[in-house]
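Asks: Dropping the structure in here first, questions after.
Nothing in this text is a laboratory measurement; each read-out follows from the coordinates by a stated rule. As the structure is a prediction and not an experimental result, all values here were calculated from the model. No Cβ is skipped: glycine too gets one built from the backbone with ideal geometry, and neighbour counts run over all protein chains shown.
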Amino acid sequence: MIAGNLVERAHSTGIHFYASSDALVVGNTVVGTVADGSGRGIEGQGIKGYVASRGFRIWGNVVRGNATDGIALLAGAGRAVIGGNIITDNGRDGIRLWAGAPGGLPPGDVEDVVLTGNVVSSNRGSGLFVAGISGRRVRGVRVDANVFAANAGAMVHAEHNVCEFVLDSNTLASMTNAAGSAIAAPCR
């Protein structure tokens, strides 16, 4: 369990899980992480799990002002509940679910993720970005009772190999530079 911490100006990622399981991340404040300098966007997330990281509960955190994504599950991460967080002012997406892999690591399906009760606002990318890649899917995602507001990209963006994606009872508001929500995600 990682609870009640202030993580400020971390160089890389604020809270980072690699091939981990059954983590509870609750009541933390993660602010101002710094990217790795490669320009590839592979670091700088507030909270990140990847490469077969499973069984997360990311709950009641404040994640703001980070270099790239607020919360990211990548390359085989899954079986996660992300709820009750305030995710704002991040340099890319508020929440990113992507089957691709950073830095040459093997890609993997991202599966069985529930997003509920989050406030995701004023991020420079999308509020929620969901994408598979060739041969890898994001599937079994339920997005329920969240607020997505004033993000520079789409409030919710899903593309390429996204399967079993449910968007229910969310508020999508204050679309500043976005056309709205983009959900065009054929599942292969």
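Asks: For VAL166 and ALA145 in one chain, what is 0.36 nm times their gap in residues minus the Cα-Cα distance, to one decimal in nm?
Replies: Working it through step by step, the gained length comes to 6.4 nm.
Asks: Which whole-number percent gives the relative contact order of the stretch 109-163, counting Cα pairs below 8 Å spaced six or more residues apart?
Replies: The value is 47 percent.
Asks: OK, next. Please give the contour-minus-distance gain from ALA173 to GLU159: 0.36 nm per residue of separation, less the Cα-Cα distance, rounded to one decimal in nm.
Replies: 3.0 nm
Asks: Once you wrap a convex hull around the alpha carbon atoms of the stretch 53-140, what is its projected area averaged over all directions, in nm²?
Replies: 5.2 nm²
Asks: Roughly what percent of Cα-Cα pairs across the stretch 46-88 reach past 17 Å?
Replies: 29 percent
Asks: For a Förster distance of 25 Å, can you work out the FRET efficiency between the beta-carbons of THR29 and ARG124, rounded to the nearest 0.05?
Replies: That gives a FRET efficiency of 0.80.
Asks: Provide the per-residue ³J(HN,Hα) series for the stretch 62-67, in order, calculated from phi with Karplus coefficients 6.51, -1.76, 1.60 and θ = phi - 60°, each as a whole number of Hz, with x at glycine and proline positions.
Replies: Using θ = phi - 60°, the values come out as 10, 10, 8, x, 8, 4 Hz.
Asks: Kindly write out, for the stretch 157-172 in residue order, the coupling ³J(HN,Hα) from the Karplus curve 6.51 cos²θ - 1.76 cosθ + 1.60 (θ = phi - 60°), rounded to whole Hz, with x marking Gly and Pro.
Replies: Computed from phi, the couplings for the stretch 157-172 are 10, 10, 8, 6, 6, 10, 10, 6, 9, 10, 10, 9, 6, 9, 10, 10 Hz.
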